[in-house]
Amino acid sequence: MRAALVGLDFGKNDFAASLDELFLLAKSAGAEPVTTITGRRAAPDAALFVGSGKAQEIADAVADMQLDIVIFNHALSPAQQRNLERVLQTRVLDRTSLILDIFAQRAKSHEGKVQVELAQLQHLATRLIRGWTHLERQKGGIGLRGPGETQLETDRRLLGDRVKALRGQLEKLHRQHATQRRARGRNDTFSVSLVGYTNAGKSSIFNAMAKAGVYAANQLFATLDTTSRRVYLGEAGHVVISDTVGFIRELPHQLVAAFRATLEETIHADLLLHVVDAASPVRMEQIEQVNLVLKEIGADHIPQILVWNKIDAAGLEPAVEQDEYDRIHRVFVSAKTGAGLDLLRQSIADSLKSSIEARRGGQSRVVDSQDVHV
């Protein structure tokens, strides 16, 4: 499917990186980006997002290059999308719809598929009217206006019923996860979650540490379903390590909400390994984006170790850095070559030991306070 990519620069620093990301997203969805059209604006146009002049430029490119789809690097309102399709005479997809499509292709587990469908339906609910634009031209013509409205109401009711059923399924899965976590809690199993920007190398690190066969590829959102493995760390004992879905800038809110059950592993972890692509020129912005999503899902209070991956591509050496409180702050590794993974294992083991000591200290303080009370 031949595609034009469209991005507007509103004065943000990461515009070029964002366009590169859109190219990868489009490729991940199965599109063939043929041309990229950019422009600068102070604010989006209310009707066409890009303005009438730029819309005509895009329309000319669509006609000249025989393009099948136009993909915007922004979230479009239903009206903007409808107006653009009318002007461009081709399908228009916004960033949210593109990400949802990739998720729909990649979800493998029952839970993942349920979550993706829920997110898609919630997104579709705001755009249902698009299927009935022909009614606008009828001005309520005899025999046409009534059935159109009835059909739209029927679609909304059926969609609402399906959303309700999917939420029920997710709630059931949520309770199952909670039961499994309580069982782990009773066993005092230390849980570690890999988080990070999409394509930072989380699954590669997970495979290297857990000797697992999780799908890992140089593409966005290669992993959608959470996978957990028990890993033995010598004297420190066993930990459970979980690989989770990658984050991305402007992650659709429907996905944050729908994937809450998947991200429950992150919310209830004892330690987060925040994997960073050390070779990315926008790694600091990516770290910020991940931390924003962690705050949104209520996981910003969990201890974090920054794992700078791909040091082979960044020209860095394996190392461990500590903060002013002698806590491990950063570990430099390469999942590809294996460099620094022993340091990462030791860092997790040290965090486990600190956690056990803190728990024992807390228990002794509780006992002491009870003694004083007596």
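The values are calculated or read from the model by the stated rules, or taken from the named source; none is laboratory data. As the structure is a prediction and not an experimental result, all values here were calculated from the model. Cβ sites come from the backbone with ideal geometry, for glycine too, and all protein chains shown count toward neighbours. With ligands, DNA and RNA removed, areas are computed over all heavy atoms of the protein, side chains included. Shrake-Rupley method; radii C 1.70, N 1.55, O 1.52, S 1.80 Å.
Within the stretch 319-336, is even one residue among the hydrophobic types (A, V, I, L, M, F, W, C) and surrounded by fewer than 17 Cβ atoms within 10 Å (Cβ to Cβ)? The answer is yes, given that some residue of the stretch 319-336 is among the hydrophobic types (A, V, I, L, M, F, W, C) and surrounded by fewer than 17 Cβ atoms within 10 Å (Cβ to Cβ).
Counting the residues of the stretch 20-54 that are of a type in the set (G, A, S) and within 30 Å of Q105 (Cα to Cα) gives 5. Among the residues of the stretch 182-189, at least one is part of a helix (DSSP H, G or I), aliphatic (A, V, I, L, M), modelled with pLDDT under 75 and closer than 30 Å to E357 by Cα. In the stretch 96-116, which residues are modelled with pLDDT of 85 or more and open to solvent by 30 Å² or more (accessible area, probe 1.4 Å)? Correct list: D101 only. The residues of the stretch 55-80 that are in contact (Cβ under 8 Å) with a residue 40 or more places away in the chain and closer than 25 Å to A16 by Cβ, listed by number, are I58, A61, V62, M65, L67, I69, V70, I71, F72, N73, H74, A75.
Among the residues of the stretch 308-327, those identified as outside any loop (DSSP other than H, G, I, E, B) and more than 26 Å from the chain's Cα centre (by Cα) are A319, V320, E321, Q322. Taking the stretch 274-311 as the range and being surrounded by fewer than 18 Cβ atoms within 10 Å (Cβ to Cβ) and acidic (D, E) as the test, the residues that pass are E285, E288, E296, D300. Contact map, the stretch 14-35: residues that are farther than 10 Å from A3 by Cβ paired with residues that are open to solvent by 60 Å² or more (accessible area, probe 1.4 Å) and part of a helix (DSSP H, G or I), Cβ distance under 7 Å, separation 6+ or inter-chain. Pairs shown: D14/E285.
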